[in-house]
Amino acid sequence: MLAVDSGDLFFKFPPESDGEKALMKAKIIARAYRLMGVTAVNVGCLDLLQGLDFLRQESAQGLPLLSANLLDPSTRAPIFPPYSIKEVDGVRIAFMGVLPQESGPEISPAIRAANQGKILIGDPVEATKAAVQKIQGKADLIILLSDLGLPKDQWLAKAVPGIHFILGGHEGRFTRKGVQTGMTHIFQSSFKGMYVGELRLVLEDRNKPFKDEGELQYLQERIDSLDLHIRSLQAAKMRKPAGEGVNYDRTIQAATRQREAAQEDLKRAKESGMRGNRFLFKLEALEKVLPENEKVKNWISGAGIEKD
């Protein structure tokens, strides 16, 4: 199992009034991630709120920070590696990272003030294209860690073919079911570390697309929801005389057609089976998945910091 992070890990906005306390918290988070053996951490826009020096220090201590479009303004070269490749059971997985060029009328000025000309944020699409070109032939899977937000993730997926999965953040969306754009599947895992997203992959043919193993479950849940809706409409029709308000017959017929269509989709999905490349994504409440680590608890208490 590999652990990765899409960014906005260390700081929040508006920033805490006590900058030293915020920095101490961030250092404990970075230390905990190193202890956990995290594979890749994308630099998000909020991670720049205390300046580049903090990130450089943590990278030098072994935190695997990535960013394809966080650039040195003098050389226009990436400050951190744009991608890394990890081999698992013979499968080469490439991780890339990007952040937005603009983060809003309040956050962007705060980032510029904290970094004072030390950084240049390049176009995420152009940076991703360049990274994908370099990765071609070196990896079997490409996963983008994104701090762009879902709409921009979809836009990027259209512009840059070849990305298999985008694990996104920034907006704090809770996406239980992925969004597909072209051949790219996009997920987000809520905010403030409340949930951890788990992506299980089976790769049988490197040249074939991925199927969603959760599709059968989603369709059955859709059918169950429509059954409940139809029964409630039928009950309401019995209670309310005809001609008063809602046309229950028409509404029930529409819901029934939707149920029949979902039932046909479920039948086709079962007949096609789940063979070939496939994935299963699920969100789990973090406290249920990972017990607190005693060593990290001692770091927190020793620093005199209350847990958020």
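The values are calculated or read from the model by the stated rules, or taken from the named source; none is laboratory data. Here the structure is a predicted model, which means the values were calculated and not measured. Counting neighbours? That spans all protein chains shown, and the Cβs are built from the backbone with ideal geometry, glycine included.
Might you check whether a residue that is among the polar types (S, T, N, Q) and part of a loop (DSSP other than H, G, I, E, B) occurs anywhere in the stretch 150-172? No. Among the residues making up the stretch 79-136, those that are more than 23 Å from N207 (Cα to Cα) and of a type in the set (G, A, S) are G97, S103, G104, S108, A110, A113, A114, G117, G122, A127.
Scanning the stretch 194-227 for residues that are aliphatic (A, V, I, L, M) and either within 29 Å of V91 (Cα to Cα) or at pLDDT below 85 (or both) yields M194, V196, L199, L201, V202, L203, L216, L219.
A count restricted to the stretch 18-47 and to residues that are more than 14 Å from the chain's Cα centre (by Cα), among the small types (G, A, S) and farther than 18 Å from N115 by Cα stands at 3. Selection over the stretch 76-102 of residues that are part of a strand (DSSP E or B), more than 13 Å from K138 (Cβ to Cβ) and not aliphatic (A, V, I, L, M) gives a count of 2. Note on the stretch 246-278: residues that are farther than 15 Å from L219 by Cβ and more than 30 Å from the chain's Cα centre (by Cα) total 12. Can you say whether R31 is modelled with pLDDT of 95 or more and not in a strand (DSSP E or B), as far as the supplied structure shows? The answer is no for R31. Could you grab me the full set of residues in the stretch 259-308 that are at pLDDT below 75, under 25 Å from M183 (Cβ atoms) and hydrophobic (A, V, I, L, M, F, W, C)? Correct list: M274 only. In the stretch 211-240, of all residues being of a type in the set (D, E, K, R) and part of a loop (DSSP other than H, G, I, E, B), the one that is nearest to R275 (Cα to Cα) corresponds to E213.
When L55, L65 are screened for being more than 30 Å from F210 (Cβ to Cβ) and either outside the structural domain of K12 (by TED's automatic domain parsing) or buried (at least 21 other Cβ atoms within 10 Å of the Cβ) (or both), only L55 passes.
When K177, K208 are checked against the criterion of being within 28 Å of S272 (Cβ to Cβ), outside any strand (DSSP E or B) and within 14 Å of the chain's Cα centre (by Cα), a single residue qualifies: K177. Per the listing R176, R239, the residue uniquely in the same structural domain as T128 (by TED's automatic domain parsing), under 24 Å from A255 (Cα atoms) and either modelled with pLDDT of 85 or more or surrounded by fewer than 18 Cβ atoms within 10 Å (Cβ to Cβ) (or both) is R176. Every listed requirement among (1) surrounded by fewer than 16 Cβ atoms within 10 Å (Cβ to Cβ); (2) assigned to a helix (DSSP H, G or I); (3) in contact with a Phe, Trp or Tyr (Cβ under 9 Å, 6 or more places away or on another chain) is met by E198 save one, (2). Here A139 fits the description: assigned to a loop (DSSP other than H, G, I, E, B), farther than 24 Å from P15 by Cα and among the aliphatic types (A, V, I, L, M). Considering only residues in the stretch 85-109 that are surrounded by fewer than 19 Cβ atoms within 10 Å (Cβ to Cβ) and in contact with a strand residue (DSSP E or B) (Cβ under 7 Å, 6 or more places away or on another chain), the one that is modelled with the lowest pLDDT turns out to be V91.
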